[in-house]
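Undergrad: Dropping a structure here in structure tokens format, bear with me for questions.
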Amino acid sequence: MIPVPAVSRRELFKRFGLAGAAALMLPELDRVLAFQRDVKGGATPAGALSASEAATLAAICARLIPTDENGPGAAEARAAVYIDRALTGWLAPSREAYSVGLAAVDDAARARGAKRFVDLPPAEQDAVLRSLEDTPFFALARTHTIQGTFCDPAYGGNANFVGWDLIGYPGVRLNVTAADQRMNSPVAPIRRSAYDYAMFAAGAH
Amino acid sequence: MPTTLKPTDIVIVGMGAAGGVAALPLAQAGLKVIGLEAGTWLTSKDFAPDELRNNYRAWPQSVQKANREVPTHRPSASAPYSPRPAFHPMMNGVGGTSLHYWAQSWRLSPWDFKVVSETTKRYGASRLPRGSTVEDWPFGIEEIERYYDIAERELGVSGKAGNIGGTIDRRGNIFEAPRRREYPMPPLRWTDWHDKMAAAAKNLGWNPFPGPAAINTRSYENRPGCAYHGFCARGGCHVNAKGSTAVTTIPKAQKTGNLEVVTEAHVTEVNVDNNGHVTGVTYVKGTEVFVQPASVVMLATYTYENVRTLLLSKSKAFPNGLANNHGQVGRHYMTHATGGSVQALFAENLNNWYGLPAQGVAVDDFADDNFDHSTLDFIGGGNLFVYSDRRPIVAASMTTFGKAPQWGSSWKAFVKQNADRWHAAYMQKTTMPYEDNYLDLDPTVKDPLGLPVCRITADFKDNERKAAAYVADKMEQWYRAAGATEVVRNPLGTMGPSTHAYGGTRMGDNPETNVVNRWGFAHEVPNLGILGASVMGTSGAHNPTLTVQALAWRTAEYLVKNWTKVAGR
């Protein structure tokens with residue numbers, strides 16, 4: 001074991017001044033505020049991204065989970081809206097990664113002769129994304145696009161429950177019967193958010 | 001200057017699964033107990049069925065002390081550090097992680113207490129893994145059967161007994177040690193998915209049975225039965241059917257008038273006098289520092305924090321950390337090797353959208369020493385567990401079993417068809433303690449108070465890897481027997497921060513190799529009790545919580561019966 005220098009009690013008390021206390025308290029406050037912003041953001045919450053960045057992100061999301069013969073995708077789910085809003089709150093630590101990553105996507109589009117990623121036809125957009133598949137930003141965007149498509153709609157994504165409908169998730173219920181759990185008699189979708197239930201709406205910060 | 005508070009009989013550090021249990025027999029005996037908890041009280045309204053919040057954001061409403069103290073990990077003393085997880089595996093709050101755990105409430109196997117002697121007897125001493133520091137526990141399972149029984153009743157555990165007083169019942173776990181009576185409640189229900197898996201296990205000649213859970217299956221102690229709503233994993237229970245200590249033993253202890261719970265109390269040090277006795281603890285609450293004097297201190301935080309707090313509590317009597325004059329604090333670390341899951345794809349929807357991870361089918365035929373290891377090259381094994389639990393984000397994040405790309409229309413078509421057709425088994429495998437698997441303080445990473453976090457130096461050894469591969473084979477066999485069309489295996493992962501972390505303050509009669517004695521009190525510090533899986537010397541192949549709670553009750557009962565001797569007054 002590596003020896004650790006002893007910390008005197010007096011020094012500990014010195015450290016527990018207001019600065020220490022502030023360090024303890026502030027992250028709590030930050031997280032509560034992030035939750036408020038993410039879940040209670042209101043009808044048209046301000047996002048973190050510029051209009052141009054938001055457009056690029058929306059186009060990426062639309063290719064990751066496209067609108068096709070299997071129905072609505074990330075565009076209809078408003079996954080990019082979820083991400084943009086969350087970047088002002090919980091996902092704020094990823095804000096910089098998005099700036100850099102979205103710029104890289106537009107750069108890759110320019111290399112293909114387009115002004116921006118959004119100007120490319122879908123097949124070419126896919127080619128750009130394939131070239132970036134192994135980057136950390138791609139993994140981040142994919143993770144967040146899935147979150148934005150399949151999360152509780154209170155966060156701004158999964159709009160009109162299109163994500164849950166796509167995979168057949170029957171929705172948030174507070175009590176599930178034995179019949180509801182049977183393999184071959186799927187229960188009808190309920191299309192309710194957790195926060196549509198008064199007990200949680202009241203409890204959310 | 002810190003405020004010195006009025007002395008109390010006992011201060012318990014951590015009102016979680018362990019401390020929350022120990023408080024009850026102490027308070028019932030008339031001892032004055034102060035329970036310090038870093039988190040706050042949380043109630044039904046805080047437990048929104050919200051996957052993003054529970055499973056991806058680790059509960060934004062709870063106090064975040066643990067998340068600022070996530071242990072670091074490196075596989076060995078010469079290996080680079082692993083990436084540090086964003087969240088601590090456990091949470092703060094009155095009730096601790098018993099608020100959001102899966103609530104699987106297993107008794108250990110008899111073998112887990114006697115690994116050295118039983119292995120030697122059956123296969124020869126050469127079969128004990130090289131470099132392992134494993135010892136027999138100071139007692140057999142029969143010593144704690146009574147305490148398992150008490151914990152099952154106080155918390156409300158549902159299940160099906162497999163061995164009552166030596167009479168085997170094949171509907172339960174035929175491998176379990178004799179128990180004095182049936183569980184207080186019948187097990188969580190099975191769906192036709194469970195029936196399908198159980199039938200497949202039976203066809204293989206195995207013995208499937210419902211796993212035990214600290215979850216009500218009917219009204220019990222004024223709490224209702226489970227609502228099976230699907231948000232139990234890392235989610236609190238909105239109807240209080242889950243037997244967290246926050247709704248069972250803690251309120252019951254409060255009713256005696258002898259337990260005072262202090263929330264948002266961040267304990268930084270256990271205080272010691274020049275005679276090597278503990279005198280109380282120092283904690284920070286808000287912007288103030290308090291000293292709580294006590295005749296007896298019971299350290300009941302999580303494994304990593306128990307070790308960390310001891311190592312941070314340096315004094316003249318204990319220059320290398322409290323109770324560490326033999327250098328044993330932090331030694332004998334184990335996790336459960338729950339990585340290396342096996343995943344299967346089926347040709348039909350499973351309707352796993354609801355339920356809970358404790359609602360499952362267990363197979364113990366390949367756990368511990370329930371099978372003959374004569375021709376095998378490892379000891380130990382694993383519990384196989386399949387269950388009904390699925391939420392939309394994790395469903396859509398499924399593996400594509402090599403059958404589809406990771407995004408785009410083909411991915412979407414695959415996920416649309418298969419989101420409810422896959423399953424990932426939960427497999428807890430034995431791990432042994434080894435010389436070079438240990439916990440200490442990180443030399444550079446600190447919490448916001450400037451105190452070093454816990455550092456894990458540990459990796460799975462040959463024995464664990466072989467046991468894991470063997471158990472994965474069995475799981476694959478089970479899935480295929482049930483009709484799975486595809487099966488994949490996940491890597492075993494690391495021994496980094498885990499919800500099943502053991503050791504660091506091991507219990508044993510020998511003070512040269514163990515931190516606490518057979519009653520849970522420190523060999524070097526007579527009035528310091530330690531609770532939690534940090535005292536366990538073997539991991540077994542089942543969830544630790546019920547064993548932790550049985551031991552907590554037993555340690556508290558010992559204190560009640562030996563108050564003058566332990567408290568020194």
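Undergrad: Averaged across orientations, what area in nm² does the convex hull of the alpha carbons in the range A:51-169 project? Intermediate results must be reported in sequence, preceding the final value.
TA: Details: hull surface 28.2 nm².
Projected over every direction and averaged, the Cα hull of the range A:51-169 covers 7.1 nm².
Undergrad: Let me ask something else about it. Highest mean first, how do A:52-65, A:177-190, B:439-452 rank when packing is the count of other Cβ atoms within 10 Å averaged over residues?
TA: Working: A:52-65: 22.7, A:177-190: 13.8, B:439-452: 18.3.
Those peptides, ordered most packed to least, come out A:52-65, B:439-452, A:177-190.
Undergrad: Quick one: compute the contact order of chain B, relative version, from alpha carbon pairs under 8 angstrom and 6+ residues apart, as a percent.
TA: Working: 1455 pairs, mean separation 129.4, N = 569.
Result for chain B is 23 percent.
Undergrad: Work out the length of the dipole vector of the protein assembly as shown about its Cα centre, built from +1 on the beta-carbon of each Lys and Arg and -1 on the beta-carbon of each Asp and Glu, and round it to the nearest 20 debye. Present the calculation step by step, with values, prior to reporting the outcome.
TA: On the way: 79 positive and 73 negative charges, 178 e Å.
About 860 debye.
Undergrad: Would you tally the net charge around B:Asp50, using a Cβ to Cβ cut-off of less than 10 Å, leaving B:Asp50 out, and scoring K and R as +1, D and E as -1?
TA: Working: positive: B:Arg53, B:Arg57, B:Arg391; negative: A:Asp152, B:Glu51.
Spelling it out: positives minus negatives among the neighbours equals +1.
Undergrad: Using only alpha-carbon positions, what ratio does the radius of gyration of the range B:191-234 give when scaled by 2.2 N^0.38 Å?
TA: Values: Rg = 14.0 Å, N = 44, 2.2 N^0.38 = 9.3 Å.
Relative to the rule-of-thumb radius for its length, the range B:191-234 sits at 1.51.
Undergrad: If you rank B:Ile150, B:Ile250, B:Ile379, B:Ile456 by fewest surrounding Cβ atoms within 10 Å, what's the result? Walk me through the numbers before you get to the answer.
TA: Numbers: B:Ile150 19, B:Ile250 27, B:Ile379 24, B:Ile456 30.
So the residues, fewest neighbours to most, are B:Ile150, B:Ile379, B:Ile250, B:Ile456.
Undergrad: What FRET efficiency, computed as 1/(1 + (r/R0)^6) with R0 = 56 Å and r the Cβ-Cβ distance, is obtained for B:Arg180 and A:Thr67, rounded to the nearest 0.05? The partial results should precede the final answer.
TA: Numbers: r = 62 Å, r/R0 = 1.10.
Result of the calculation: an efficiency of 0.35.
Undergrad: Would you please calculate the Kirkwood hydrodynamic radius of the range B:215-277 over all C-alpha pairs and express it in Å, rounded to one decimal? Show your work: numbers first, answer last.
TA: Details: mean 1/r = 0.0680 Å⁻¹.
Computed over the range B:215-277, the radius equals 14.7 Å.
Undergrad: If one puts a single equal scatterer on every Cα of chain B and applies the Debye formula without solvent, what log₁₀ I(q)/I(0) results at q = 0.07, 0.08 Å⁻¹?
TA: Values returned for q = 0.07, 0.08 Å⁻¹ are -0.38, -0.50.
Undergrad: Another question about this same structure. Where does the charge balance sit around B:Lys242 when Lys and Arg score +1, Asp and Glu -1, over other residues with C-beta under 15 Å from its C-beta?
TA: Numbers: positive: B:Arg218, B:Arg223, B:Arg234; negative: B:Asp46, B:Glu152, B:Glu154, B:Glu221, B:Asp389.
For residues surrounding B:Lys242, the net value is -2.
Undergrad: Roughly how tilted is helix B:192-203, in degrees to the nearest 10 and between 0 and 90, from the longest Cα axis of chain B?
TA: For helix B:192-203, the angle is close to 80 degrees.
Undergrad: What is the extension gain from B:Ser126 to B:Lys416, computed as 0.36 nm multiplied by their sequence separation minus the C-alpha to C-alpha distance, in nm to one decimal?
TA: Numbers: separation 290, 0.36 × 290 = 104.40 nm, distance 5.25 nm.
Fully extending the segment from B:Ser126 to B:Lys416 adds 99.2 nm.
Undergrad: Here is a further query. Once you average over the residues of B:406-418, how many Cβ atoms of partner chains fall within 10 Å of each Cβ?
TA: On the way: counts 5, 15, 10, 10, 1, 4, 13, 3, 1, 6, 6, 3, 1.
Mean partner shielding for this stretch: 6.
Undergrad: Separate question: How much length is gained if the chain between A:Asp134 and A:Ile190 is pulled fully straight, taking 0.36 nm per residue apart and subtracting their Cα-Cα distance, in nm to one decimal?
TA: Numbers: separation 56, 0.36 × 56 = 20.16 nm, distance 3.79 nm.
This chain segment gains 16.4 nm when fully extended.
Undergrad: Next question. Helix-derived [θ] at 222 nm for the protein assembly as shown: sum -39500 (n - 2.57) over DSSP H runs of at least 4, divide by residue count, nearest 500?
TA: Numbers: 22 runs with 235 residues, N = 774.
My calculation for the protein assembly as shown gives -9000 deg cm²/dmol from helical runs alone.
Undergrad: So if R0 is 41 Å, what FRET efficiency would B:Leu5 and B:Asp436 give, r being the distance between their Cβ atoms, rounded to the nearest 0.05? Let's see the in-between values first.
TA: Working: r = 42 Å, r/R0 = 1.02.
After rounding to 0.05, the efficiency reads 0.45.
Undergrad: What ³J(HN,Hα) values, in whole Hz, does the Karplus curve 6.51 cos²θ - 1.76 cosθ + 1.60 give for the range A:123-135 when θ = phi - 60°, with x put for Gly and Pro?
TA: With the stated coefficients, the range A:123-135 comes to 5, 6, 4, 4, 5, 4, 5, 4, 6, 10, 3, 8, 8 Hz.
Undergrad: Something else now. Among B:Val307, B:Val284, B:Thr375, whose Cα lies farthest out toward the positive end of the dipole of the range B:264-378, if unit charges sit on the beta carbon of Lys, Arg (+1) and Asp, Glu (-1)?
TA: Going by the charge dipole, the pick is B:Val284.
Undergrad: Normalise the Debye intensity by I(0) for the range B:80-144, one equal point scatterer per Cα, no solvent, then take log10 at q = 0.12, 0.14, 0.15, 0.20 Å⁻¹ and round to two decimals.
TA: Log10 of I(q)/I(0), two decimals: -0.61, -0.75, -0.80, -0.87.
Undergrad: Give me B:Ser388, B:Ser132, B:Ser76 sorted ascending by neighbouring Cβ count inside 10 Å, so fewest comes first.
TA: The fewest-first ordering by Cβ neighbours comes to B:Ser76, B:Ser132, B:Ser388.
Undergrad: Considering only the protein assembly as shown, what is the antiparallel percent among its DSSP beta bridges, to the nearest 5? Don't jump to the answer; show the numbers that get you there.
TA: Working: 47 of 72 bridges.
Taking every DSSP beta bridge with both residues in the protein assembly as shown, the antiparallel ones total about 65 percent.
Undergrad: Sticking with this one: Ignore the peptide's own chain and count Cβ atoms of other chains within 10 Å of each Cβ in B:349-358; give me the average, rounded. Before the final figure, lay out each step's value.
TA: Working: counts 4, 1, 10, 2, 12, 8, 3, 1, 0, 0.
So the per-residue partner count for this stretch is 4.
Undergrad: Moving on. State, as an integer percentage, the relative contact order of the range A:51-169 based on alpha-carbon contacts under 8 Å between residues 6 or more apart. Provide the component values of the computation, followed by the final result.
TA: Details: 158 pairs, mean separation 41.3, N = 119.
Computed value for the range A:51-169: 35 percent relative contact order.
Undergrad: Same structure again: Per residue and in cubic angstrom, what volume does the convex hull of the Cα atoms of the protein assembly as shown have?
TA: On the way: hull volume 120.1 nm³, N = 774.
Value for the protein assembly as shown: 155 Å³ per residue.
Undergrad: As I understand it, the dipole of chain B uses +1 on the Cβ of Lys and Arg and -1 on the Cβ of Asp and Glu, about the Cα centre. Which of B:Gly39, B:Cys226, B:Pro110 lies farthest toward its positive end?
TA: Value computed over the given set: B:Cys226.
Undergrad: Within 10 Å of each Cβ in peptide A:188-201, how many partner chain Cβ atoms are there on average? Round it to a whole number, please. Display every interim value, and only then the final one.
TA: Working: counts 0, 0, 0, 0, 1, 3, 10, 3, 0, 4, 1, 6, 8, 2.
Mean partner shielding for this stretch: 3.
Undergrad: Return B:Thr430, B:Thr133, B:Thr545 ranked ascending by Cβ neighbour count within 10 Å, so the fewest neighbours appear first.
TA: Values: B:Thr430 30, B:Thr133 19, B:Thr545 27.
Lowest to highest Cβ neighbour count: B:Thr133, B:Thr545, B:Thr430.
Undergrad: To continue, here is another question. Taking the Cα centre of the range A:140-200 as origin, work out the dipole magnitude from +1 charges on Lys and Arg Cβ and -1 charges on Asp and Glu Cβ, in debye rounded to 20. Kindly include the intermediate steps, with their values, before the conclusion.
TA: Values: 5 positive and 4 negative charges, 16 e Å.
It works out to roughly 80 debye.
Undergrad: Grab the Cα-Cα distance for B:Lys565 and B:Glu512, subtract it from 0.36 nm times how many residues apart they are, and report the gain in nm with one decimal.
TA: Values: separation 53, 0.36 × 53 = 19.08 nm, distance 2.24 nm.
16.8 nm is the gain from fully extending B:Lys565 to B:Glu512.
Undergrad: Let me ask another. For an R0 of 51 angstrom, estimate the FRET efficiency from the Cβ-Cβ distance between A:Ala92 and B:Gln28 and round to the nearest 0.05.
TA: Values: r = 48 Å, r/R0 = 0.94.
Efficiency, from the Cβ-Cβ distance: 0.60.
Undergrad: Taking the Cβ of A:Arg130 as the centre, find all other residues whose Cβ is under 13 Å away and add up their charges (Lys, Arg: +1; Asp, Glu: -1). Working shown, then result.
TA: Numbers: positive: A:Arg63, A:Arg112, A:Arg142; negative: A:Glu124, A:Asp126, A:Glu133, A:Asp134.
Spelling it out: positives minus negatives among the neighbours equals -1.
Readers should treat all values here as calculations from the given coordinates under stated rules, not as data from a laboratory. Nothing here was measured: the structure is a model prediction, and the numbers come from that model. With ideal geometry, Cβ positions are generated from the backbone for all residues, glycine too; neighbour counts draw on all protein chains shown.
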